[in-house]
Amino acid sequence: MINKIVIATVLHCVVASALAGEAPAIRLNTIGYQPAARKQASIAAKCSSFVIVRLSDGAKVLSGKTTGPTGNADTGEQLWTADFSSLKTPGKYRLDVRGVGASAPFTVGADVFVKPFRTVVRGMYLWRCGTAVKGVHNGQTFAHGPCHMNDAWLDMAAGKHQRAKSTGGWHDAGDYNKYVVNAGVTVGAMFRAWEDFAPQIRKVRLGIPESGGKMPDYLAEIKWEIDWLLTMQAADGSVYHKLSRKKFSGMIMPERDRTERFFTPWGSAATADFVAMTAAAARYFRPYDAAFAAKCLAAARKSYAFLVKHPKDHRADLKGFSTGTYQTRDSDDRLWAAAELWETTGQADALADCEARIKSARARVDVYWDWGNVRNLGLLTYLQSKRSGRDRALVSKVRTSLLATADGIVKTAKAHGYARPLGTRYSWGCNGAVARQVLVLRGAHKASPKKEYLQASADAVNHLFGRNYYARSYVTGLGARPPMHPHDRRSTGDTVADPWPGYLVGGPNPKATSWNDAKKDYRTNEIAINWNGALIYALAALLGAP
Ligand code: 9MR
Ligand code: 9MR
Ligand code: ZN
């Protein structure tokens, strides 16, 4: 009887929302929750009570009252909240709200984020360039042949029509070019995940070609990118800003993209990011491949010496290219470079350089950051270092700023109707920025443990998997009603029904309500390595016990 009523209500609701062209009213993390986590749904319809139904037998295992409404400014909605945090028994459930309908199914379990984590890291594998890739997800096979095997021409970088080998790495996004600056924030977030969560990451088998080798799968995937990055270093230690076609290709498969690709001239932000990545790589790879670690460190030192000799911000000359620019001030990149080189080697000049830059940035930890601002990566490395020699007053300033920023993020999440830790900010790639806030929150938690930091970290993931205006997952192949039409050349160019799995789309921009699950909308529905890198960190944080 109860079931019949629920079904009738659900049907009524589905019809009503289909007519109105609206999202389902009950919005929660459609992947699920760890048992001890806070669990909340936002409900965009008048309501007063809810029940949690166990899917296996239809039992009502919990009931409660909703609270609200409160106005949510960025979507212009009245939202009610259902708090079902006391649901702790592992299982599959749905949330029924009387008079409104039923939520998407979700799971409670300690390991609910293992498959999403694996899928999103495998997204990096599927992004590999210079090789054939193949993966199966939900019974569908995603594959392409070896691509961009002629990378690349040196014309603009060296003034000669000659080639240097630079195959490998990951494609940047929905396009197939390779950009060092965007690799920086991506690899930086992935290394930080390893730094903070290696024991739990290590247990996840990725099923990539290197699996079963001596090196942990996760590091092997990052090595694919570092191997490519090493080829972006010029003989003098400068680093080419990008490797790209002159214009974006059509929406074709990568192996069909045979138009010539070029190194661009060098840039100082790219060079600094290269130093940071290779210096960090030297630390993380040393236990598994000492020769490779030594190679990375030598490369880092060489480019660092180049930077010291060329202290001015140098933007790469991108004349003739209309592809991604990724141009940015280099002060934060240089800070990060110095921090990582110091952390790896303990060299005093790098520490002095790093601290001077931290001082001129007033030790500030930012709430919003992306490829154009990697200072937080440098600050976290500096703060968490076990090395001696740091300026104590400066360390304490960084710590204070980190905690203040994290406290601000907690407050922002609490004030938002969908607990979005970035509040009402919607810029290009903001979904990635939401995930990236977890680096700050977990950094703060390390410095001074607080339950709120963990909650806001989970809030970010909850938001991206369905506690949002659209009641949809923003990650292809995962969760309820995920993006079906990302701006991704592979997903458009192949014949498989679903898009390539494991990719976070950029998200609403410029407004909370402007996401479009449409192929042509690269402003809100493209995919990109920097967004996935941040999501990898956020999910890695949820692999183990909180
Ligand atoms: O497909 C391109 C996408 O990968 C980029 O992020 C985006 C912004 O640089 O540009 C896309 O290419 C568009 C181009 O800039 C303008 N003409 C339409 C292209 C979309 O197919
Ligand atoms: O993520 C980038 C965003 O911050 C910029 O505003 C935008 C326009 O320059 O470019 C985005 O990066 C795109 C890059 O230029 C080309 N590859 C796809 C990237 C994601 O859309
Ligand atoms: Zn390729």
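What follows is calculated from the coordinates using simple rules that are stated; it is not laboratory data. Keep in mind that what you see is a predicted model, and the values were worked out from it rather than measured. No Cβ is skipped: glycine too gets one built from the backbone with ideal geometry, and neighbour counts run over all protein chains shown.
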>> Of all beta bridges DSSP finds with both residues in the chain, what is the antiparallel percent, to the nearest 5?
In response: 90 percent
>> How would region 120-205 be classified by its alpha-carbon gyration tensor: rounded, prolate or oblate, with rounded meaning a/c under 1.5 and the a/b versus b/c comparison settling the rest?
In response: oblate
> Between Lys411 and Lys92, what length in nm is gained on full extension when 0.36 nm per residue of separation is reduced by their alpha carbon distance?
Replying inline: 111.8 nm
> Could you give the nm distance between label points at Ala23 and Trp428, where each point is 7 Å from its Cα heading toward the beta carbon?
Replying inline: 2.3 nm
> Pulled fully out, how much extra length does the chain show between Thr325 and Asp155, if you take 0.36 nm times their separation in residues and subtract their Cα-Cα distance?
Replying inline: 59.4 nm
>> Taking loop as defined by DSSP and a crowding limit of 12 other beta carbons within 10 Å, which trypsin sites (Lys or Arg not before Pro) in region 269-377 fit?
In response: Lys312, Lys319, Arg362
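Cα-Cα over 30 Å: which of Lys165/Lys246; Lys88/Lys519; Lys134/Lys247; Lys178/Lys312; Lys160/Lys520; Lys46/Lys411?
Numbers: Lys165/Lys246 18 Å; Lys88/Lys519 39 Å; Lys134/Lys247 27 Å; Lys178/Lys312 24 Å; Lys160/Lys520 37 Å; Lys46/Lys411 25 Å.
In this structure, Lys88/Lys519; Lys160/Lys520 lie more than 30 Å apart at Cα.
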>> Two decimals, Cα atoms only, Kirkwood Rh: what is Rg/Rh over the chain?
In response: 0.98
> Mean separation of Cα pairs under 8 Å and 6+ residues apart, divided by the residue count of the chain: what relative contact order is that in percent?
Replying inline: 17 percent
> Quick one: Debye curve from the C-alpha atoms of region 57-172, no solvent, what's log10 I(q)/I(0) at q = 0.10, 0.15, 0.16, 0.17 Å⁻¹?
Replying inline: -0.63, -0.88, -0.93, -0.98
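Stretch Lys450-Lys165 to full length: gain in nm at 0.36 nm per residue minus the Cα-Cα span?
97.7 nm
Hey, got a sec? Which GluC sites (Glu not before Pro) in region 218-288 land in a DSSP loop and have at most 13 other Cβ atoms within 10 Å?
Taking region 218-288 and a limit of 13 other Cβ atoms within 10 Å, the loop GluC sites (Glu not before Pro) found are Glu260.
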>> At 7 Å along Cα-to-Cβ for each site, give me the label-to-label distance between Ala545 and Lys312 in nm.
In response: 5.7 nm
